[in-house]
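Worksheet for the structure shown next.
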Amino acid sequence: MKKINRLHPTSKSKLLFVTLFLPFFLLWGSFVFGAEEAPGSAGEPPIATQAPPAPPTNVSAKDIPNDKGGAISVSWEKSADDGASAKNVTKYEILRSTNKDEGYEVIGNTSPGATSFSDNSANNKVLYFYKIRALSSSNSSESLPSAPAFAKRQWFDFSRLSLFILSLIIGSAIFYFIEKAKSEKGLFIRKIAGLEAVDDAVGRATEMGRKIIFIPGIMDMDSMQTIAGVTILGRVAKLTAEYEAKLEVPVCRSLVMVTCREVVKEAYLNAGRSDAYNDDMVYYITDDQFGYAAALDGLFLREKPAAVFLQGQFYAEALILAETANSVGAIQIAGTAMPTQLPFFVAACDYTLIGEELFAASAYLSKDPKLLGSLKGQDVGKLIFLLAILIGVVFLTLNSVLGLNLPDLRGLFSGI
Amino acid sequence: MRREVPLILTAIVGITMIIAHFIPPFNILKGLFEDWFFIITAFAIYLGVLNLIKINADKLYKKQKDWPFGIVVILGFFLITIPGIFFSGGRSFQDPGTPFYYLYMNIYYPLSATMFALLAFFVASASYRAFRARNVEATMLLLAAFVLMLGRVPIGDWITSWLPEGYRLGNAADWIMNFPMTAGQKAIMIGIALGVVSSALRVILGLERTYMGGE
């Protein structure tokens, strides 16, 4: 009987199973069990499995200029293996020591590609040496130490020297004209249409029996524009007290609320109408920009105010507010020093105080000679800038046309 | 004294901030004053919140005009603060998965985006009014806007593709942005900077007192 050399069907399927899946079992086993012995996986230092990356070169360290001390700038040329090859650098470690040959400690790290680091933990007048360690996935290399460097405190920021000199000149001019204005009467100030219209706006609201809404911007009291806006509020509040018009000041900062209350209260007191003042004339809505805009839009639509003052620092809500107030027929007097929002106010409002006019408003409305004098001092600053621009343009033109080598005046204003 | 003390404090802080700008070691004081401002602001927020609740509660109690809006404000306030304070499950209230985060992402965020989106319509309506050729200046504005808007879209260059490179609408738009617009904006910014200096000096010298309720 011919022996049939065939496997039992069950044995055949077992063999097939083993053949197909054995490699996967082996692979899984090597991964699971082999992983336990993988270098560095249990917190041990990595064992080098490849050559180290090329070390960073030309490490230099120097005191950061014009600062209060305690900081050294470290720079280097990156490793040749940074961004390329199998030994790709994964990060740089910055090492520091007071001894050139030993005692280096890691004080920080940077991502690959970086070539500088600010050491803000240095002590003044202590000599430090720096090394940079380039790390790849499994190896590292260190640069040579830098030359010694120490941090020191500077008593003047020379990068701002031109600003300092300019500030001195403009500040002196402002002081001079303030002093001069005390003895001089009738200082000329050009008419500002937006401020001339304040009386009309308050009068209109009184005649119509509708409210005046004053919005001092969306920023806090640390903004000069908010202070300027609040200053204008003082003048407007005095007028509303005299005209017996209804004033409402919704604000979006608590500190602004407190300040505006004080200002309005004092204005009503000075106008002899303290009885007409009520704390609820100035109230807080929300710190949130668009929440504030939504609340004001609703207020405009419900109350239909006769006049809306938008005076202070505004952002994207500027046009939303101005257009809504316009849609209810309110006379609008806006003022801001935000160059990006000025076109919106100019397009949507009846009057706009452009930039410096916002800051001049208080002096203009009060007619106080001392305040008007400060505006005249400001004009000296404008004259300086105008002359510098003219001379700079002439110099650059001559350099370009005649090939001269006159100085580039832009450098004078680099610290500003 | 009620006036003098704030004026003296303003002068001291103002002068210190100016000095710190030029003399680096004074930056420590500058940082200190800035921290104080943030601390005062943090406390002041309670004044704002209390005022918000008081104004709206009064409105409800006295059934003043538009009193139902007061209900929305008070409910909205507690709806967002109570989950933030009490129901964050030991995590920061801002962490994903907290009730506050859910309310923020699903109510506050879309509402805020909706308000921002209104700008598109308001820009159109404001432009319509601003660009009416009522006088010489407005006509120039209209022409500049026309060139700029067409120059910023592909059709602008397509319409003028028969012109040599450098004279097309796109180039004209770039020229308007780089020269007349930049020059005008710089002039405004110089004026603003000088205005800030002048105002700051008036405040520091105590000449400007309206912001603290003075004449």
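Bear in mind these aren't lab numbers, they're just calculated from the coordinates by the rules spelled out. For clarity, every value in this text was computed on a predicted model and none was experimentally measured. Quick reminder, even Gly has a Cβ in these numbers, built from the backbone with ideal geometry, and neighbours come from all protein chains shown.
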Residues A:K211, A:K182 arranged by fewest to most Cβ contacts within 10 Å: A:K182, A:K211
What's the ranking of A:146-152, B:165-171, B:103-109 by average number of surrounding C-beta atoms within 10 Å, highest first? A:146-152, B:165-171, B:103-109
Distance-filtered residues of region A:372-407 - backbone nitrogen under 11 Å, label point 7 angstrom along A:Y176 Cα→Cβ: A:377, A:380-381
How large is Rg/Rh for region A:244-331, to two decimals, with Cα atoms and a Kirkwood Rh? 0.98
Taking the Cα atoms of the protein assembly as shown, report the difference between the largest and smallest coordinate on each principal axis, in whole Å and largest first. 126, 73, 71
Loop-located GluC sites (Glu not before Pro) in region A:202-288 whose Cβ has at most 11 other Cβ within 10 Å (DSSP): A:E244
What is the mean number of Cβ atoms from other protein chains located within 10 Å of the Cβ atom of each residue in peptide B:203-210, rounded to a whole number? 6
Neighbourhood charge, 13 Å Cβ-Cβ cut-off, centred on A:E102 and excluding it, Lys, Arg +1 and Asp, Glu -1: 0
Exposure proxy order (Cβ contacts within 10 Å, fewest to most) of B:W67, B:W36, B:W162: B:W162, B:W36, B:W67
Most exposed first by the Cβ proxy, i.e. fewest other Cβ within 10 Å, how do B:M177, A:M219 rank? B:M177, A:M219
Need the C-alpha centroid separation for region A:328-379 versus region A:250-292, integer Å. 21
Expressed to two decimals, region B:21-126 has a Cα Rg over Rh, using the Kirkwood radius, of 1.13
Pairs to check: A:K68/A:K125; A:K246/B:K62; A:K246/A:K370; A:K238/A:K382. Give those whose C-alpha atoms are more than 24 Å from each other in this structure. A:K246/A:K370; A:K238/A:K382
Could you please state, rounded to a whole Å, how far the C-alpha centre of region A:107-131 is from the C-alpha centre of region B:185-211? 41
Take each complete run of DSSP H in chain A, measure how far its Cα atoms stretch along the helix's own axis, and keep only those covering 18 Å or more with mean Kyte-Doolittle hydropathy at least 1.0; list them. A:9-36, A:161-183, A:369-402
With the contact rule set at Cα under 8 Å and sequence spacing of 6 or more, what percent relative contact order holds for chain A? 14
Each residue of A:156-163 has, on average, a number of other protein chain C-beta atoms within 10 Å of its C-beta equal to 2
